Amino acid sequence: MIRSMTGYGRGQEVIDGLSVVVELKSVNHRFYEYSSRLPRGYGFLDDKLKAHLQQQVSRGKVDVFVQIHSIEAAVSEVVVDNALAESYLTVLRELAQRYDLRDDVSVTALSRYPDVLTVQQAKVDEEAVWAAVRQVTDQALARFVAMRELEGARMREDVLSRAAQIRRWVAEVEARSPQTVREHMEKVETRMRELLAGVPVDEARLLNEAAVYADKVAVAEETVRLCSHLDQLEQLLGSDQAVGRKLDFLVQEINRETNTIGSKCSDLDLTRIVVDMKAEIEKIREQIQNIE
């Protein structure tokens, strides 16, 4: 199923005493680009999340936001640097003796000196944390993918409807083209006769030359290739794979054939049709820029 590169999904659950929230957001990007915002101390999750998401996301700039809180046991502990505290106490007592000061060092005062007390995160079970985060991530990912698929379905229908309109215009060009070639041939023949007035002319040679010039306005080859490209476009839009880049290339080819048809057209009606075709192709190009 065709997917948009724009999406959002959120998951939240309490697992084994951990409250976990995961949010996923994505916007257009040429390749897969990942960035995350994780709680301090949980950096080990980064590579795991990146690889896990890449299994289902092939293109787009994906931002991941993770919140983790313990609701059962403390995840931090206070650690005393006894050696440093002893050093502070020794120096303070020496100062008191040297300058004849009152030795009034208290536990509270000593604890306020830098690095005597530090808060450290308690050791966590990384595998257990990853299992919990992965479970919640999968919840968010399911909603994220569903949103991308819904938007992708809308874009698919829009592109298909525009492609169908282009087909109708191509049919008009094919129907009108033979008449345009005949008219052009007649004009070329008339003009050549005017230029060669009074000069003996080989009729077969004249008609052949007129046909050669008239063939330059024939667009049968271009319309056949254009219809083939439109067939490929419809096939890609029915694919379950990421086809955004292929679609981008294919639309370039569709535009190229249309430009060639336009350059060959001397008929005003056909020129108007080509202008309309190019306008629809541009709208298709804008749509597929958001397809994964």
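Quick note: the coordinates plus some simple rules give every number you see, no bench work behind them. Treat the numbers as computed from the prediction; the structure is a model and nothing was measured. Cβ placement follows ideal geometry from the backbone for every residue including glycine, while neighbour counts extend to all protein chains displayed.
Points worth noting:
- Anchor Lys278: aspartates and glutamates whose Cα lies under 14 Å away (excluding residues fewer than 8 positions away in-chain): Glu253, Glu257, Glu286
- Charge dipole (segment 97-141, unit charges on Cβ, about Cα centre) - positive-most of Gln97, Ala132, Tyr113: Gln97
- 21 Å Cα-Cα threshold exceeded, pairs from Lys25/Lys50; Lys50/Lys123; Lys25/Lys48; Lys48/Lys123: Lys50/Lys123
- Theoretical gain in end-to-end length, Arg37 to Leu110 [0.36 nm per residue, Cα-Cα removed]: 22.6 nm
- Calculated from backbone phi, Karplus (6.51, -1.76, 1.60) coupling profile of segment 279-288 in Hz, x at Gly/Pro: 5, 5, 4, 5, 5, 5, 4, 5, 5, 6
- Judged by the mean number of other Cβ atoms found within 10 Å, the most tightly packed of the peptides 145-152, 267-274 leads the ranking 145-152, 267-274.
- In order along segment 50-65, the Karplus-derived 3J(HN,Hα) couplings, from 6.51 cos²θ - 1.76 cosθ + 1.60 at θ = phi - 60°, round to 4, 5, 5, 5, 5, 5, 10, 10, 9, 9, x, 8, 9, 10, 10, 10 Hz, and Gly and Pro are given as x.
- Share of pairwise Cα separations in segment 244-292, more than 12 Å, in percent: 62
- A viscosity of 1.306 mPa s and a temperature of 10 °C, combined with the Kirkwood radius over Cα pairs in Stokes-Einstein, give a translational diffusion coefficient for segment 76-121 of 139 µm²/s.
- The 3J(HN,Hα) values that the Karplus relation (6.51, -1.76, 1.60; θ = phi - 60°) gives for segment 150-164 are, in residue order, 4, 5, x, 5, 5, 5, 4, 5, 5, 5, 4, 5, 5, 5, 5 Hz. Gly and Pro appear as x.
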